[in-house]
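The values are calculated or read from the model by the stated rules, or taken from the named source; none is laboratory data. Predicted, not measured: the structure shown is a model, and the values here were computed from it. For neighbour counting, all protein chains shown are included, and Cβ atoms are generated from backbone atoms with ideal geometry for every residue, glycine included. In case anyone asks, the SASA skips ligands and DNA or RNA and just uses the protein heavy atoms, side chains included. Shrake-Rupley method; radii C 1.70, N 1.55, O 1.52, S 1.80 Å.
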Amino acid sequence: MTVDLPAPAVAAGAATQVCVRHGQPATRQKKVIFRSYTPKWAYLLILVGVLPFAIVAAALQKRVKAPSWPFCQDCGRLRTRRFLIGVGLLALAIVGAVAASALLPANDSTGGPIVLVFVLMVIAGLGVASTAAYGPIASGYVSNDGNTVHIRRAHERFAEQAAAIRAAAPQPYQPYQPYQPYQPYPPTAPQQYAPHPHSAAPVPTHQQPEQPYRDR
Ligand SMILES: [Zn+2]
């Protein structure tokens with residue numbers, strides 16, 4: 001399940017007692033930076049050039065720093081496993097490349113495909129190793145508006161405690177408060193509408209409260 005948390009609460013240090021994936025008590029707290037995905041339309045800029053794409057992607061990226069995000073022992077084992085698999089792939093690629101260059105010194109016809117295989121192994125190894133970082137283990141990402149941290153693969157116990165964070169955090173309601181100040185402005189309009197059904201009598205009573213508000 002995916003659990004949503006208000007980004008300001010996460011950045012302010014709100015965290016659960018259990019880890020995201022396993023719902024087990026945290027044995028360590030680590031700083032994690034959650035990032036937003038690059039909007040799909042931005043990839044069109046690659047047609048213009050890699051540099052414009054990189055600049056726009058970096059400018060659009062929303063980051064939320066969680067100062068102390070919980071991880072359990074199983075999270076640690078998962079990190080170790082991914083890291084070893086990634087490093088293992090890199091080692092295999094290097095060993096294989098060295099062996100191939102020794103065994104096939106002058107064979108150009110098979111050299112190209114073999115090099116490609118090793119390059120793909122290096123890319124795969126780096127890719128797997130990069131998922132061993134705390135951010136991917138936490139498997140969270142930021143919404144494109146930067147207001148929400150979405151936590152994927154959330155355990156039920158994490159979801160329960162996350163619900164408590166959502167309930168306790170005053171921050172998520174601040175984005176909605178800007179909409180409440182707009183309501184006082186319509187009330188001046190509805191007060192004009194209100195007198196119509198009540199015809200003559202209510203008009204003075206509605207006009208009178210308006211004047212004190214203006215004085216304040
Ligand atoms: Zn865990």
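For q = 0.16, 0.20, 0.26 Å⁻¹, what log10 I(q)/I(0) does the stretch 58-102 give under the Debye formula with an equal point scatterer on each alpha carbon and no solvent?
Those come out to -0.71, -0.78, -0.89, one per q.
Hey, got a sec? Which trypsin sites (Lys or Arg not before Pro) in the stretch 56-120 land in a DSSP loop and have at most 11 other Cβ atoms within 10 Å?
Hits after loop and neighbour filter: nothing returned.
Quote to one decimal, in nm, the extra length available between residue 87 and residue 144 on full extension: 0.36 nm per residue of separation minus the C-alpha distance between them.
17.2 nm
With a point put 7 Å past each Cα toward its Cβ, work out how far residue 109 is from residue 29 in nm, to one decimal.
Result for the modelled spin labels: 6.4 nm.
Would you work out if the stretch 1-100 is rounded, prolate or oblate? Take a ≥ b ≥ c from the square roots of the eigenvalues of the alpha-carbon gyration tensor; rounded if a/c is under 1.5, else prolate when a/b is larger than b/c, oblate otherwise.
Oblate shape, in that a/c is at least 1.5 and b/c is the bigger or equal ratio.
For a quick check of understanding: with a 1.4 angstrom probe and all protein chains in place, what accessible area in square angstrom does residue 83 have, to the nearest ten?
110
How do 41, 69 rank by accessible surface area computed with a 1.4 Å probe, from largest to smallest?
Solvent-accessible surface, decreasing: 41, 69.
Long-range amide H contacts for residue 28: which residues qualify at under 5 Å (H placed 1.01 Å from N, peptide plane, sequence gap of 5 or more or a different chain)?
Here 71 satisfy the definition.
Using the reciprocal of the averaged 1/r over all distinct C-alpha pairs, how large is the Kirkwood radius of the stretch 84-168 in Å?
16.2 Å is the Kirkwood radius here.
Below 19 Å, Cα to Cα, which lysines can residue 65 reach? Residues fewer than 8 away in the same chain don't count.
Within the straight-line limit of under 19 Å, residue 65 reaches these lysines: 30, 31.
Can you pull the percent of Cα pairs in the stretch 3-171 with separation above 28 Å?
42
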